[in-house]
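Undergrad: Structure below; questions to follow.
Throughout, read-outs are computed from the coordinates displayed, never taken from laboratory work. The structure presented is a predicted model; accordingly, all values stated were derived computationally and were not measured.
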């Protein structure tokens, strides 16, 4: 056997069996899949997905979007749900690099936007360190879809001169250590990702820092999907409202949330509760 015909080991532990020369490295596309509604995909995201040979996707990416990839494309779920990870992040990074070094076109399909609490920055760094080309395609982040669906602007000239995205989930699951005094200032919107389980602590921290307990708040579960659920409440009622949710949800606190419309089921419940309250007077 000629030395040129022997299997060659490449970075990442890959073994090439098909000839003397390694194939040119492929490309990793970090693609934002949006919040779930396929119609919220960008055209660039759709084109990238339709030409993918490997799709490494989050668990929250909808089946309707995954079905847009070629039937022959390999699809790998790397779902993360709270503290249960199918694959550690380091392993996902290595997987993307390994497929690209095989000469494949890899789409890392991420819910929302890759750079909004999506760990896209870590995956981009891993590709750069390995010398793999990485293209980032932005997506509609869940906060935009949640606010649009409820008719509540994240910014408003009269009531929200700023908007801040924060995580509600620290490394060990506790309430994160944020600049609560700054977040408690009036006339700004605070969007909390991954904050359902820590809603009580978040509400306490904001209230203790000076935010008015009567500040309007909105909770949106499964934003933009067929099973979307919206609940209009206040900062003081945030924890109680969040306790009724099971799926992924956003917490949005701010004066402009006074314009939010509840979902049909939640609105009916609120009307019924108000009728009972008035009947007792």
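Undergrad: Please list the radius of gyration and Dmax for the range 52-176, considering alpha-carbon atoms only, with Å as the unit.
TA: Rg then Dmax for the range 52-176, in Å: 16.7, 54.
Undergrad: Right, here's the next one. Nearest 5 percent is fine: what portion of the DSSP beta bridges confined to the range 142-268 is antiparallel?
TA: Just about 75 percent of them are antiparallel.
Undergrad: Checking a compactness column here: for the range 142-268, what do you get for Rg(Cα) / (2.2 N^0.38 Å), N being the number of residues?
TA: Dividing the Cα Rg of the range 142-268 by 2.2 N^0.38 Å gives 0.94.
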